[in-house]
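First comes the structure, then the notes that go with it.
Throughout, read-outs are computed from the coordinates displayed, never taken from laboratory work. This one's a predicted model, so the numbers in the text were calculated from it and none came from an experiment. Don't worry about glycine lacking a Cβ; one is built from the backbone with ideal geometry, like all the others, and counts go over all protein chains shown.
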Amino acid sequence: MARAVFLVCLLSILMLVPTGLAQGLGVNWGSMGSHSLPPKNVVQMLKDNGIKKVKLFDAEPDTMDALAGSGMQVMVGIPNEKLEKLADSYKEAQEWVKQNVTKYLHDGGVNIRYVAVGNEPYLTSYNGTYVKTTYPALKNIQKALDEAGYGGKVKATVPFNADVYESSSNKPSDGRFRKDIKNNIVEILRLLNDNRTPFVVNIYPFLSLYQSSDFPKEFAFFEGGSEPVKDNNIEYKNVFDANCDTLISALKKVGFGNLDIIIGEVGWPTDGDINANGKMAKKFYDGLLKKLATEDGTPLRKKKLEVYLFGLFDENQKSIAPGDFERHWGIFRYDGQPKFLMDLSGKGQGNNLLKGVQGVQYLDQQWCVLKSDVRNLSNTQPEVGYACSMSDCTSLGVGRSCDLDQHGNVSYAFNAYFQNKDQDVRACDFNGMANIVKQNASSGDCLFPIQILNAGVRPELSIFAGLFLILMSFFTLM
């Protein structure tokens with residue numbers, strides 16, 4: 001009897017412990033939110049969920065310090081705007097490596113494995129801005145890594161968007177690199193191959209659906225609910241496999257068919273478009289994680305895939321030029337809380353709620369809303385336009401999480417601005433049409449968020465700074 005009780009207790013404990021991720025799984029940790037979570041708390045959350053690989057878009061010191069000693073494999077990033085300097089000056093590359101790689105490679109430091117030189121620099125919408133600087137920047141960074149003695153452990157690569165290759169027939173076997181950048185790509189591929197470095201590509205099935213009303217919806221998922229694409233003796237049942245194999249075909253055509261591949265970004269947004277919601281995101285991730293767990297790879301490459309989910313958190317300052325969904329890629333909300341159930345193992349071990357970030361500090365439980373006695377709502381339009389331009393209103397609209405009436409839309413916009421301004425009472429006026437309330441203004445699935453305390457800003461320091469400014473103003477008047 002005692003033994004049985006012990007086994008039940010042991011089983012219960014094991015069920016609370018992360019049971020292992022799908023092989024090769026990592027996450028993208030972006031930093032384009034107006035209010036950041038404490039990096040150390042985020043790292044602990046990653047540990048709590050068993051996540052051991054992280055891809056960054058920079059090498060921000062607080063984030064790097066938080067990752068020190070964690071053992072997580074890290075890909076640090078270099079923003080596109082730095083490529084020109086790094087391309088023009090080897091000394092700049094040496095200094096960058098010294099400050100952002102060498103500094104952290106010590107006992108108890110950061111387990112840096114890759115340096116991502118730029119981010120999707122050959123994207124067609126950039127109109128060739130970074131085409132001439134990417135390769136020399138990559139070459140200089142790799143040379144600097146080699147010179148520093150880390151070239152065997154830390155590899156420099158370039159994360160590309162999947163638009164660098166195409167297929168005239170939409171069949172993977174006809175995949176080839178775009179003509180306008182083919183020579184540049186081959187130059188990069190040669191360097192990657194010489195250094196035994198993977199090719200990194202970002203693949204987004206959601207965008208295939210978003211960009212074409214004729215795209216078969218189920219082909220974006222992994223359940224085989226649409227007509228397969230037949231290519232020679234292969235049937236492709238989802239766009240992810242088809243996209244990966246289009247790349248492999250393109251690599252073969254230029255002589256690098258055996259180069260390793262990392263999927264640098266893949267995910268599904270949860271708001272900002274009619275096809276962006278939690279239900280569809282969960283469906284996508286469930287299928288992807290099950291696929292990764294099999295370690296079967298794709299039809300043209302039957303091997304384990306290394307994949308980084310995009311992304312970790314919603315980021316309310318991302319550009320919405322591609323679409324409003326850009327601010328809603330996170331598997332966690334802005335405050336580090338999970339959006340939906342996920343089985344990260346992909347092995348059907350039950351849908352578990354991801355463990356959220358602990359120790360998050362929120363501002364006061366109060367909201368800024370449109371006064372109930374405002375009747376002429378046309379007067380609110382300029383105020384709403386201003387509020388949304390200075391905050392994030394991408395959840396508003398038909399088919400989105402906040403499909404509200406006009407009064408609700410105005411209140412949402414007012415509150416978004418108020419919270420973004422850290423609940424400054426002066427940010428809830430709007431020509432006398434708004435007021436602060438203590439009752440939660442959220443409606444159904446529409447969350448009226450309460451902002452978090454920005455990481456690194458301690459309340460006592462904010463108070464001190466405020467008193468200092470008051471005193472300075474007083475002495476100025478004297």
Rounded to the nearest 0.05, FRET efficiency between VAL398 and SER319 (Cβ-Cβ, R0 25 Å) equals 0.65
Counting Lys +1, Arg +1, Asp -1, Glu -1, what net charge surrounds VAL154 among other residues with beta carbon under 10 Å of its beta carbon?
+2
Theoretical gain in end-to-end length, ASP194 to ASP260 [0.36 nm per residue, Cα-Cα removed]
22.5 nm
Could you give log10 I(q)/I(0) at q = 0.05, 0.08 Å⁻¹ for the chain, computed by the Debye formula over C-alpha point scatterers of equal weight, without solvent?
-0.22, -0.55
Within segment 146-242, how many Lys pairs sit with Cα atoms under 29 Å apart, leaving out pairs fewer than 8 places apart on the same chain?
14
If each of ASP65 and SER168 carries a label point 7 Å out from its Cα toward its Cβ, how far apart are those two points in nm?
5.6 nm
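Quick check: from the Cα gyration tensor, does segment 291-364 come out rounded (a/c under 1.5), prolate or oblate? Walk me through the numbers before you get to the answer.
Details: a/c = 3.33, a/b = 1.50, b/c = 2.22.
In terms of gyration-tensor shape, oblate.
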Could you estimate the translational diffusion coefficient of segment 219-265 from the Stokes-Einstein equation, with Rh from the Kirkwood formula over C-alpha pairs, at 4 °C and 1.567 mPa s, in whole µm²/s?
110 µm²/s
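Could you tell me the calculated FRET efficiency between LYS347 and ASN127, based on Cβ-Cβ distance and R0 = 35 angstrom, to the nearest 0.05?
On the way: r = 44 Å, r/R0 = 1.27.
Result of the calculation: an efficiency of 0.20.
Hey, any idea what Rg/Rh is for segment 283-333, computing Rh the Kirkwood way over Cα pairs?
Details: Rg = 14.3 Å, Rh = 12.8 Å.
That ratio equals 1.12.
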Compute the distance in nm between two label points, each set 7 Å from the Cα along the Cα-to-Cβ direction, one at HIS407 and one at SER378.
2.0 nm
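Test of the criteria: in segment 272-326, which trypsin sites (Lys or Arg not before Pro) are in a DSSP loop and have at most 16 other Cβ atoms within 10 angstrom of their Cβ?
Working: sites: LYS279, LYS282, LYS283, LYS290, LYS291, ARG301, LYS302, LYS303, LYS304, LYS318; in loops: LYS302, LYS303, LYS304, LYS318.
Here the trypsin sites (Lys or Arg not before Pro) that fit, given the DSSP loop and packing criteria, are LYS302, LYS303, LYS304.
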Antiparallel versus total DSSP beta bridges in the chain: what percent is that, nearest 5?
35 percent
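Quote the relative contact order of the chain in percent (integer), defining contacts as alpha-carbon pairs under 8 Å separated by 6+ residues. Please report the intermediate quantities before stating the final value.
Details: 876 pairs, mean separation 69.5, N = 478.
Computed value for the chain: 15 percent relative contact order.
Hey, got the dipole for the chain? About the Cα centre, +1 on K and R Cβ, -1 on D and E Cβ, debye to the nearest 20? Walk me through the numbers on the way to the answer.
Numbers: 51 positive and 53 negative charges, 279 e Å.
Its charge dipole is roughly 1340 debye.
About the Cα centre of segment 312-373, how large is the charge dipole given +1 on each Lys and Arg Cβ and -1 on each Asp and Glu Cβ? Please answer in debye to the nearest 20. Intermediate results must be reported in sequence, preceding the final value.
On the way: 7 positive and 8 negative charges, 47 e Å.
Here segment 312-373 has a charge dipole of around 220 debye.
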With the cut-off at 1.5 for a/c, could you classify segment 142-186 from its C-alpha gyration tensor as rounded, prolate or oblate?
prolate
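Using the Kyte-Doolittle scale, which helices in the chain average at least 1.6 and also have C-alpha atoms spread 20 Å or more along the helix axis, with helices defined as whole DSSP H runs? Intermediate results must be reported in sequence, preceding the final value.
Working: long enough: 2-16 (22 Å, 2.49); 131-147 (25 Å, -0.59); 239-253 (21 Å, 0.36); 278-294 (24 Å, -0.36); 406-420 (21 Å, -0.74); 459-477 (27 Å, 1.85).
Length and hydropathy pass: 2-16, 459-477.
Quick one: work out Rg over Rh on the C-alpha atoms of segment 14-115, Rh as Kirkwood radius. Show your work: numbers first, answer last.
Values: Rg = 15.0 Å, Rh = 14.8 Å.
Rg/Rh for segment 14-115 comes to 1.02.
Evaluate the charge dipole of segment 81-133 about its Cα centre and quote only its size in Debye, nearest 20, assuming +1 on the Cβ of each Lys and Arg and -1 on the Cβ of each Asp and Glu.
Numbers: 7 positive and 7 negative charges, 21 e Å.
Here the size comes out at about 100 debye.
Per DSSP H run of at least 4 residues, take -39500 (n - 2.57); add these up for the chain, divide by its residues and hand me the 222 nm value, nearest 500 deg cm²/dmol.
Numbers: 13 runs with 161 residues, N = 478.
It comes out at -10500 deg cm²/dmol, rounded to the nearest 500.
Expressed in nm to one decimal, what extension gain is obtained for the pair LYS253 and GLN358 from 0.36 nm per residue of sequence separation less their Cα-Cα distance? Intermediate values should be presented prior to the final figure.
On the way: separation 105, 0.36 × 105 = 37.80 nm, distance 4.91 nm.
The LYS253-GLN358 span can extend by a further 32.9 nm.
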Cα-based reach from LYS52 at 16 Å (exclusive), listing lysines while leaving out same-chain residues under 8 positions away:
LYS40, LYS355
Calculate, in nm to one decimal, what LYS438 and LYS371 gain on full extension: separation in residues at 0.36 nm each, minus their alpha carbon distance.
22.8 nm
Could you calculate the FRET efficiency of GLN211 with LYS303 from 1/(1 + (r/R0)^6), where r is the beta carbon distance between them and R0 is 35 Å, rounded to 0.05?
0.75
In whole Å, largest first, the alpha carbons of segment 337-404 cover along the principal axes 55, 30, 22
Taking the Cα centre of segment 283-346 as the origin and placing charges on Cβ (Lys, Arg +1; Asp, Glu -1), which of GLY323, THR298, GLY311 is farthest toward the positive end of the dipole?
THR298
